[in-house]
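These notes concern the structure reproduced below.
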Amino acid sequence: MRDGVGATDGVGGNGGSGATDGVAANGPVGARDGLTSGMGFEALLPGDDLDLGSGDRARVEALFRCEERIGAMIFIWSWSALADGRLFEVAPRGCALYAPPTRLPRDGVPYLGLVAQDGLLVRFEQRVRAGTWTARPVHLTLEGRRWRVSSTGTMSARRLGDAPASCWGQLGMPTPAEEPTVYFTLAAPDDPDTVGLGLWATDICLGFGRRLGQTPADAGIRVVRRDDRPPAGG
């Protein structure tokens, strides 16, 4: 049990928004696994650079290969933690770039408002099971902006590279009783491309960002291999 969220009301396994908003609720492993873009993302490694366009280039500090199992289906995606604290997502639902995250400590009001027994994530799960989450969306305000909870789930992650210094680093780390990491996604009611991502393993890690395109190619993002970079000063 996690802070009062038990087997009945636990956050996980219910991408209430289905294939549109769920990070992992995008399709089974295979042709739509979201990790092969034809631009090298299937072989992305820590130490490579991402060319994000308009002169924005960032070093990949750690790569997380993530999966969620729901019944007989397996959903996979990747998160790349960048050296400047941002997180780049490649998933069948599309790709997104999140700003450096905010940590919500366990003894804080925002943390409890999300994950307490009567918290917002439990409320969302109850409405998913009742089939009323669309008619009765769960809203919250974070960092001065109104958000809608769009999905929740449980996932596991395999990390390549060193653990990031930011709270993204809790991904892939052992949790009490080897519980899976809970994720949840947020959507801005007034802008479908403005999104939020929350991870709950120890503390809650929150990042906010934007969808960039259906694929990295659509967004004009490419991989610059470590071996292909010009030498310093060259």
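Bear in mind these aren't lab numbers, they're just calculated from the coordinates by the rules spelled out. Worth saying up front: this structure is predicted, and the values here are computed from it rather than measured. Ideal geometry is used to build each Cβ from the backbone, glycine not excepted, and the neighbour counts take in all protein chains shown.
Tabulated data
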item	result
Spin-label model distance (nm) - Arg145 vs Thr102, 7 Å beyond Cα toward Cβ	1.0 nm
Stretch gain in nm, segment Asp51-Ile74, where the contour uses 0.36 nm per residue and the Cα spacing is subtracted	5.3 nm
Under 5 Å, built H, 5+ apart or other chain: amide partners of Leu52	Arg57, Ala58
For Gly172, distant residues with modelled amide H under 5 Å away	Ala157
